[in-house]
Amino acid sequence: MKAEERRKEILAIVGNSDNALTAAVLAEKLGVSRQVIVQDIAILRANGYDVISTNRGYMLTAQKSAATRVFKCRHTFEQIVDEGYLVIGLGGRIEDVFVNHRVYGRIAARLELYNSTHVEELYRSLVSGASKPLMAVTDGYHYHTVSAADEATLDRIEDALRQAGYLIEI
């Protein structure tokens, strides 16, 4: 397979995946080394393709949904998984989390939680004690940017967050 064909295949594979894919996985699928994939990704980015690298692998930002909304939430540490399942179960994607700290200002982190496995991985890493969630510094208050296919889906997510008692009206 020629390099240009391989890059088109990388875009197709990554674009059709619900999950981020590592260079090693792509390399195995395409029969090349991991380093070749890393170089191909760099070339794709240089040519204007919005391929992002996450801690779980590569994704196309074109996968992101058409509508986004910021929700202000508050809940306990134990309810992190429930909040994630609620949003994802209704067709949303949790792009980030941020807090407005009175001294430090806005503190944000990309989450990119697109399925229940991502939510569980986040929770396990927080439970391990390596770090605390951002909401810990603001007494449970935090914001999420949520994306979805359309505004109607975001409306359903908003209603569900409100019913669960997680939504803080801004």
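Figures for the structure shown
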{"item": "Relative contact order of the chain, pairs being alpha-carbon contacts under 8 Å that are 6 or more residues apart, as %", "result": "26"}
{"item": "Within the range 74-108, backbone nitrogen closer than 19 Å to the virtual label 7 Å beyond the Cα of LYS132 toward Cβ", "result": "74-81, 97-108"}
{"item": "Neighbour cut-off at most 15 other Cβ (10 Å), DSSP loop, trypsin sites (Lys or Arg not before Pro), the range 101-135", "result": "ARG102"}
{"item": "Neighbour cut-off at most 13 other Cβ (10 Å), DSSP loop, trypsin sites (Lys or Arg not before Pro), the range 1-84", "result": "LYS2"}
{"item": "Lysine pair number, Cα distance threshold 30 Å (strictly under), the chain, separation 8 or more or different chains", "result": "8"}
{"item": "Cβ-Cβ FRET estimate between SER33 and THR61, R0 fixed at 25 Å, reported to 0.05", "result": "0.45"}
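Each value in this text was obtained by applying a stated rule to the coordinates, not by laboratory testing. Treat the numbers as computed from the prediction; the structure is a model and nothing was measured. Cβ sites come from the backbone with ideal geometry, for glycine too, and all protein chains shown count toward neighbours.
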